[in-house]
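Quick notes on the structure that follows.
The values are calculated or read from the model by the stated rules, or taken from the named source; none is laboratory data. Because the structure is predicted, anything quoted here is derived from the model rather than measured. Glycine also receives a Cβ, built like all others from the backbone with ideal geometry; neighbour counts cover every protein chain displayed.
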Amino acid sequence: MVRSLKPVRLLEIAAELGREVEGDPGLLICGVAALEQAGPSDIAFVRSAEHSHRVADTRAGALILLPDVDPGSCSAIRSPNPALDFARVVERLAPCLRPPAGLHSSAELAEDAEVDASAVLSACVVIGAGSRVGPRSVLHPNVTVYPNVEIGSDCVIHSGVVLREDTVLGDRVVLQPGVIIGGDGFGYLADEQGLPRRMPHIGRVVIEDDVEIGANTTVDRATFDETRIRRAAKIDNLVQIAHNCDIGEGAIVVAQSGLSGSTWVGSGAIIMAQAGSAGHLRVGERAFVGARAGLHKDVAPGSRVWGAPQLEARRWHKAMAALARLPDALRRLRAVERELGLRRARGAASTETAARTNDGARADRT
Amino acid sequence: MVRSLKPVRLLEIAAELGREVEGDPGLLICGVAALEQAGPSDIAFVRSAEHSHRVADTRAGALILLPDVDPGSCSAIRSPNPALDFARVVERLAPCLRPPAGLHSSAELAEDAEVDASAVLSACVVIGAGSRVGPRSVLHPNVTVYPNVEIGSDCVIHSGVVLREDTVLGDRVVLQPGVIIGGDGFGYLADEQGLPRRMPHIGRVVIEDDVEIGANTTVDRATFDETRIRRAAKIDNLVQIAHNCDIGEGAIVVAQSGLSGSTWVGSGAIIMAQAGSAGHLRVGERAFVGARAGLHKDVAPGSRVWGAPQLEARRWHKAMAALARLPDALRRLRAVERELGLRRARGAASTETAARTNDGARADRT
Amino acid sequence: MVRSLKPVRLLEIAAELGREVEGDPGLLICGVAALEQAGPSDIAFVRSAEHSHRVADTRAGALILLPDVDPGSCSAIRSPNPALDFARVVERLAPCLRPPAGLHSSAELAEDAEVDASAVLSACVVIGAGSRVGPRSVLHPNVTVYPNVEIGSDCVIHSGVVLREDTVLGDRVVLQPGVIIGGDGFGYLADEQGLPRRMPHIGRVVIEDDVEIGANTTVDRATFDETRIRRAAKIDNLVQIAHNCDIGEGAIVVAQSGLSGSTWVGSGAIIMAQAGSAGHLRVGERAFVGARAGLHKDVAPGSRVWGAPQLEARRWHKAMAALARLPDALRRLRAVERELGLRRARGAASTETAARTNDGARADRT
């Protein structure tokens, strides 16, 4: 698809990026697109030298590309990081869709809510008592803000988001549709009858500047203190972040992962999809947690782990390769035992071993 | 439970199905139900010959059943596929609940939105600029439709659904409550400071005819092009479908599975619950991916895989059976080594081995 | 954080709990907090003797603590279970935030809906035809209630919750934001063209008294009968509960777990995070299912299982410890074979074994 821009000269785009133009600086650019989809008045980019062969077929008017990549017949802006510069062009010149400015007539504000005049409150948005919305923040339709919530400036809150009481959002926070912030943490005590009884969660959630959170992700409030997601951390869809977690600066948590209560994640750490952590453990700075890992103990800073229970990456890869060969190895072990007279001949395996095999043999019902 | 119908003669039900009646064609049928719950004016079905013993206890007035199953004292409609014919009866004679027709006074339409006069827009539905809703489509309360969305005919969009800008739905699409379509894909670039910066996602999502999607599932928009769910594919609850995925005709994706970016799923493939795929891989036509599998490479058409990392089904079952016997096998290996003098006697295991054991011994904290 | 109370004498708090005061019974208590955050007019608690050293640093005015823990200079209420008594204080004296009483002008009620005069219906709440809301139940903004739903007394229904038709909630049910109850179950039949066709789900969901359900969790309606969550069961965030499940009294299901159709969970059972069950199986009373377990067969009452496919806890721990040592064991097995002349010398491993290794070696792409 092509995203339209307000028409702008290529020269102005280059100036915006602090770069220079090769070719026609006066070219009027009307849209941004991928190489394959761009037309003569659109700008596209070439990610790296490996993609240079794709230039031959593009119809784009202008390209952002590395210094050593041939732009063919296109005008060019040279960049050391074409993807990053392209992202900037899109962000600055094709700002994302905004609902009509101002306060929609069906939005419901509590009397003492404070909403900046430049903020956008769409249809059926509800703002609770004592809550504040900062300059230029956009709340799409059907967002619910409970009382005593603070929303900074330039935030984008998509439809269906719910911010429970006492939540704090910094500036430029982006919440995709359906995100739930501040639900009660999952903590129960056994009462005298042995039934579970909720431990009150009187803490809150703090989301710092430039954090982005994916659709239908849930972040629970702390028991007493704070659940905190630090500056520029990026959380994907359907992630569970439990009470009292602390997610570090620029950390990345990929879809459907779940962090149990009081998990600490260091800055720059990456947690891949569908991973999980037991509670009260630390994932060190810049650590890498592989997809589907199940953490049961701390992860050292900068280390790479996989598996459940986790192993250091290389050990896990070897263990998985070995696992595929295990049935063969058990046959070889039996042959060795027969050779040594430790086992009777083929067909006379012990009853105990046969019984144990049954467990696994039914695994296909899972 | 019994679902009520507008009373109809058994003969008319049979005609609707293109079948014939055994027994009383004039029997007035007022509801559909399971065998155990049906009463004398209800119709039920017997799935297969294995369930024929359940006929003795039913109070149902009429049954849909295979040619060779004894209907007892009930009137009968014979069918080669009783469950499928029963589903048709329910669908045609007991249509699902519809909110009151027309446009609710609290629905908010952008001025240039186009809504067919036969469509139903319930309370607190919001329709953005340039969006279109086709004939007979039903939007339940609190649905949000962003600008430039196309909704075909006869769709059912349940409460809490959010359709982001540029989304396209075909005809007869059913979205359970809380589905999010078109959230931004999860793609980041490292900026000059090493912090993650969002790659703009200017693509869209296309959902073809007869697709059904389960509650709180999320489908992300493409980076530049399309995320596409093809005709009659069925997606369960809490599934994650990332940017640029392409899900084939009639494919099935069961609850809590997650498909990473640019996963291609062939027609008729089945992905069982809680499975996951790494990005940029292909699941072939009619392939079967077992529950909790973690795909790291392509799956051949028609093949069956399990496990994470995946193995062909039979190899995985054998590996899992062997894994349960592994501790015993390690004991036997030590005995062999002692027998050969490759190892000192019992109790003198090497320190290295003992140390390694510690890793696993703490696994119960996960 | 400190949660404020309407000021109350320590004596009255003790009376509420049926306990006695040591120290100043007239002390005016204005808030509840954790030990570290409490000030001179707040009450905190000391969970157990292990936490007694934390008393020295607290600024709290009063403490709830075990009989044998030194309260330092604080006034004290002695309790056999300080956390439980603290929870009661918070619940009774700091009731959770309630939206303004009554029926908000933007709430939409069907004409024949019955809402108790003491219930709270917030902005943009929609109540369908024939539905009932009991005394003192609170519906936060943007909740959707379909027709024929029953909500008991003292329920708290948070924003974004959707209750599909025919759902029944008992008393004191708490639904966190985004919970979806009663979505259609995921059951399909192959039609004559081999395409999946929805099996109608005409059953309902029943949620008994004192059940609490976490944010964005989904509970599907039964095919014909009921999906039931029994008294005081507690379900965490992003859990999937499929059609016809039956969750026992006081059972606990932790975040992101998924129960396939017709799973039966006994009373007091605990299912840890990210676990899953195949359909039609039983998890016995007071059983414990470890995090990330994948159940493929019944779990005996009171037993503990881990893993996928599941093993009894001790066997699973041993298997996982052994798995980490497997690559080493395979090396030792080869050495044994060489010793016995069953294998050629180092470096001449069979081609077959080498080929098999490739599978696992690519696992890092997951």
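Here B:V90 meets the list (1) within 25 Å of the chain's Cα centre (by Cα); (2) β-branched (V, I, T); (3) modelled with pLDDT of 95 or more almost entirely, failing just condition (3).
Considering the stretch C:141-225, the qualifying strands (runs of 3 or more DSSP E), each wholly inside and each with 3 or more residues that are more than 8 Å from every other protein chain (Cβ to nearest Cβ), run over C:204-207. The single condition among (1) surrounded by fewer than 24 Cβ atoms within 10 Å (Cβ to Cβ); (2) in a loop (DSSP other than H, G, I, E, B) that B:N244 does not meet is (1). Check whether at least one residue in the stretch B:180-199 is aromatic (F, W, Y), in the same structural domain as B:K234 (by TED's automatic domain parsing) and buried (at least 24 other Cβ atoms within 10 Å of the Cβ), and report yes or no. Checked the stretch B:180-199: at least one residue is aromatic (F, W, Y), in the same structural domain as B:K234 (by TED's automatic domain parsing) and buried (at least 24 other Cβ atoms within 10 Å of the Cβ). Quick check on B:T144: is it over 22 Å from C:S106 (Cα atoms), surrounded by 20 or more Cβ atoms within 10 Å (Cβ to Cβ) and hydroxyl-bearing (S, T, Y)? So B:T144 does not fit the description; no.
Among the residues making up the stretch A:103-148, those that are under 28 Å from the mean Cα position of the chain (by Cα) and among the charged types (D, E, K, R) are A:R132, A:R136.
Across the stretch B:247-266, the number of residues qualifying as hydroxyl-bearing (S, T, Y) and either within 10 Å of another protein chain (Cβ to nearest Cβ) or not in a loop (DSSP other than H, G, I, E, B) (or both) comes to 2. You will find that of A:E114, A:E165, A:E150, A:E91, the residue that is free of Cβ contacts under 8 Å to residues at least 12 places away in the same chain and either touching a Lys or Arg at 6+ places or on another chain (Cβ under 6 Å) or closer than 24 Å to A:A233 by Cα (or both) is A:E91 and no other. Taken together, the criteria exclude B:A129 from residues that are of a type in the set (G, A, S), assigned by TED's automatic domain parsing to the domain that holds B:I181 and either farther than 21 Å from B:I181 by Cα or part of a strand (DSSP E or B) (or both). Can you spot a residue in the stretch B:287-305 that is under 30 Å from A:G31 (Cα atoms) and more than 10 Å from every other protein chain (Cβ to nearest Cβ)? There is no residue in the stretch B:287-305 that is under 30 Å from A:G31 (Cα atoms) and more than 10 Å from every other protein chain (Cβ to nearest Cβ).
When C:R365, C:R344 are checked against the criterion of being modelled with pLDDT under 60, outside the structural domain of C:S257 (by TED's automatic domain parsing), basic (K, R) and loosely packed, with under 14 Cβ neighbours inside 10 Å, C:R365 stands alone in meeting it. Residue check: A:R228 meets all listed conditions (1) more than 7 Å from chain C (Cβ to nearest Cβ); (2) touching a strand residue (DSSP E or B) at 6+ places or on another chain (Cβ under 8 Å); (3) in a loop (DSSP other than H, G, I, E, B); (4) not aromatic (F, W, Y) but one, namely (3).
Taken as a whole, the structure places B:V89 among residues that are in the same structural domain as B:A34 (by TED's automatic domain parsing), under 28 Å from C:R197 (Cα atoms), out of contact with any Ser or Thr (no Cβ under 8 Å at 6 or more places or on another chain) and not aromatic (F, W, Y).
Within the stretch B:153-205, how many residues turn out to be hydrophobic (A, V, I, L, M, F, W, C) and at pLDDT below 95? Residues in the stretch B:153-205 being hydrophobic (A, V, I, L, M, F, W, C) and at pLDDT below 95: 5 in total. Is it the case, given these coordinates, that B:A242 is free of Cβ contacts under 8 Å to residues at least 60 places away in the same chain, among the aliphatic types (A, V, I, L, M) and farther than 30 Å from A:A94 by Cα? No: the conditions fail for B:A242. The single condition among (1) more than 18 Å from C:D236 (Cβ to Cβ); (2) in contact (Cβ under 8 Å) with a residue 24 or more places away in the chain that A:F224 does not satisfy is (2). Identify, from the list C:A94, C:A76, the residue that is touching a Pro at 6+ places or on another chain (Cβ under 8 Å) and either over 12 Å from C:L17 (Cα atoms) or in the same structural domain as C:N142 (by TED's automatic domain parsing) (or both). Exactly one residue qualifies, and that residue is C:A94. Criterion applied to B:L175, B:L103, B:L97 was being in contact (Cβ under 8 Å) with a residue 24 or more places away in the chain and aliphatic (A, V, I, L, M), and the one residue passing it is B:L175. When we screen B:S79, B:S105, B:S118 for residues that are within 10 Å of another protein chain (Cβ to nearest Cβ) and of a type outside the set (K, R), the only hit is B:S105.
Scanning the stretch A:224-240 for residues that are within 29 Å of C:D85 (Cβ to Cβ) and either modelled with pLDDT under 95 or buried (at least 24 other Cβ atoms within 10 Å of the Cβ) (or both) gives A:F224, A:D225, A:T227.
For the stretch A:306-332, taking the residues that are over 16 Å from A:G279 (Cα atoms) and in contact with a Ser or Thr (Cβ under 9 Å, 6 or more places away or on another chain), the one that is nearest to the other protein chains (Cβ to nearest Cβ) is identified as A:A321.
Conditions (1) farther than 29 Å from A:C155 by Cα; (2) among the β-branched types (V, I, T), marked per residue:
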| residue | (1), (2) |
| --- | --- |
| A:S4 | no, no |
| A:L17 | no, no |
| A:P40 | yes, no |
| A:E50 | yes, no |
| A:F86 | no, no |
| A:V90 | no, yes |
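Within the set A:R282, A:R292, the sole residue that is basic (K, R), in the same structural domain as A:A215 (by TED's automatic domain parsing) and surrounded by 24 or more Cβ atoms within 10 Å (Cβ to Cβ) turns out to be A:R292. Of the residues C:S118, C:S122, C:S105, C:S73, the single one that is under 18 Å from A:I127 (Cβ atoms) and surrounded by fewer than 18 Cβ atoms within 10 Å (Cβ to Cβ) is C:S105.
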